[in-house]
Amino acid sequence: MIPVPFDYLRPATLAEAVAALGSAEEGKLLAGGQSLLPVLRLRLAAPTLLVDLGAVPGLRGVQLSGADLVIGAMTTHAEVAASDLVREHAPLLAAAAATVGDRQVRHRGTLGGSLAHADPAADLPAVAAALDAVCVVAGPSGRRSIPAADFAVDLFTTALAPDEVLVEVRLPSTAGWAVHYEKFHRTAQSWAIVGVAAAVRRDNGGIGAARVALTNVGPVPHRARGVEEALAGAPATAEAIATACAGAAEGTDPVDDLTASARYRRELARVLSTRAVCRALGVRAD
Ligand code: FAD
């Protein structure tokens, strides 16, 4: 399919990008193009202007700022997965980024694009929600911060205004936490039927604190707060973890689609949450 005709702009500054979005009849940002180009080709969107972020400085890279890890929105999945800083301070994000699509997708697709696209089956929005990440966005009146848990508001819809750009993602360091991203998919390079992001802090041989978020069990990432509360203070045994994860599907709203029924997804939520926490802690799940 051929997209509807559009104008193309490659601004040299963030301010120019924001201004271009504000003045367009319908502007769209272009990052890695891995989700946007298929959308355009299928004519699911028909922007009048494409604003390419590729030449805007300061949007790419990873750095530490105090206790926060700061990742530029244009940092690719491959860069996130390979970054020593991400591996140390947000090992769950590095692990999940390595599972996104295939090598080509990971070398073009970006963290910011993944969060802004807000696909319910995407891996990284759930990880960002689990890690209490904060999305920093820039608009005509300056910058504001949006917790990652509130960033996706519905299917393919975010809290971004039409003239705002996601600039960076800030994550409190989880260095030393035990982590695992459990992705259940039909083939190695396909999307998650359900995914579970788990980060666990050990405490005296047991579980001190846990963060668990699920992907593809509703229109937006699902933070399993009930599971987290049940895990905190529990012993690090397969039985205790399975008991704590029994209610992982509570509050989810999965759909029936070609890959799985809603009922199956709810069952996966329980099974995969148990598996993710067990694998994070190196506990054998029965
Ligand atoms: P683009 O496609 O350029 O943009 C996507 C959307 O985000 C557009 O609406 C764009 O306007 C907006 N946007 C981009 N950057 C910004 C910004 N900085 N601020 C505001 N808005 C912005 N994803 C997974 O999570 N798991 C998978 O297993 C997976 N498999 C894939 C397999 C294939 C074959 C393909 C093609 C894609 C797959 N993806 C998967 C999607 C991939 O992760 C994309 O990289 C990601 O969804 C979008 O990132 P992008 O940089 O390509 O964004």
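The values are calculated or read from the model by the stated rules, or taken from the named source; none is laboratory data. None of these values were measured; they are calculated from a predicted model. With ideal geometry, Cβ positions are generated from the backbone for all residues, glycine too; neighbour counts draw on all protein chains shown. Accessible surface is based on the protein model in full, side chains and every heavy atom, while ligands, DNA and RNA are left aside. Shrake-Rupley method; radii C 1.70, N 1.55, O 1.52, S 1.80 Å.
Here are some notes:
- Ordering of 101-114, 121-134 by packing is 121-134, 101-114, highest average first (other Cβ atoms within 10 Å, averaged per residue).
- For Met1, the solvent-accessible surface with a 1.4 Å probe is about 140 Å², rounded to the nearest 10.
- For the range 19-88, trypsin sites (Lys or Arg not before Pro) are listed when DSSP marks them as loop and at most 12 other Cβ atoms sit within 10 Å of their Cβ; the list is Arg43.
- For the chain: accessible area per residue (Å², 1.4 Å): 46 Å²
- nm² value of the averaged projected area, convex hull over the Cα atoms of the chain: 14.7 nm²
- Distance between the modelled labels on Thr237 and Thr187, one decimal in nanometres: 4.3 nm (7 Å Cα→Cβ projection).
- Percent accessible area from carbon and sulfur atoms, the range 7-52, protein chains only, probe 1.4 Å: 53 percent
- Sulfur and carbon atoms: percent of accessible area, the range 62-172 [1.4 Å]: 51 percent
- If you run the Gaussian network model on the chain, springs between alpha carbon atoms under 10 Å, then out of Val39, Val212, Val136 the most flexible one is Val39.
- Remark: the Leu64-Glu25 segment gains 10.3 nm on full extension, using 0.36 nm per residue and subtracting the alpha carbon distance.
- For the range 178-281, with all protein chains in place and a probe radius of 1.4 Å, 48% of the accessible heavy-atom surface sits on carbon or sulfur.
- Coarse-grained scattering of the range 7-52 at q = 0.17 Å⁻¹, given as base-10 log I(q)/I(0) from a Debye sum over alpha-carbon atoms: -0.45
- Extended-chain gain in nm, criterion 0.36 nm per residue less alpha-carbon gap, Phe156 and Ser141: 2.9 nm
- Separation of alpha-carbon centers, the range 154-205 and the range 51-96, rounded to whole Å: 13 Å
- Computed from the C-beta positions of Arg263 and Asp203, the FRET efficiency with R₀ = 41 Å rounds to 0.70.
- Stretching the chain fully between Ile2 and Glu250 yields a gain of 85.0 nm (0.36 nm per residue, less the alpha carbon separation).
- The long axis of helix 14-23 is offset from the longest Cα principal axis of the chain by roughly 70 degrees.
- Between helix 262-281 and the chain: long-axis angle, C-alpha atoms, 0 to 90°, nearest 10: 70 degrees
- All other residues whose Cβ lies under 11 angstrom from that of Leu49 are scored, Lys and Arg at +1 and Asp and Glu at -1, for a net of -3.
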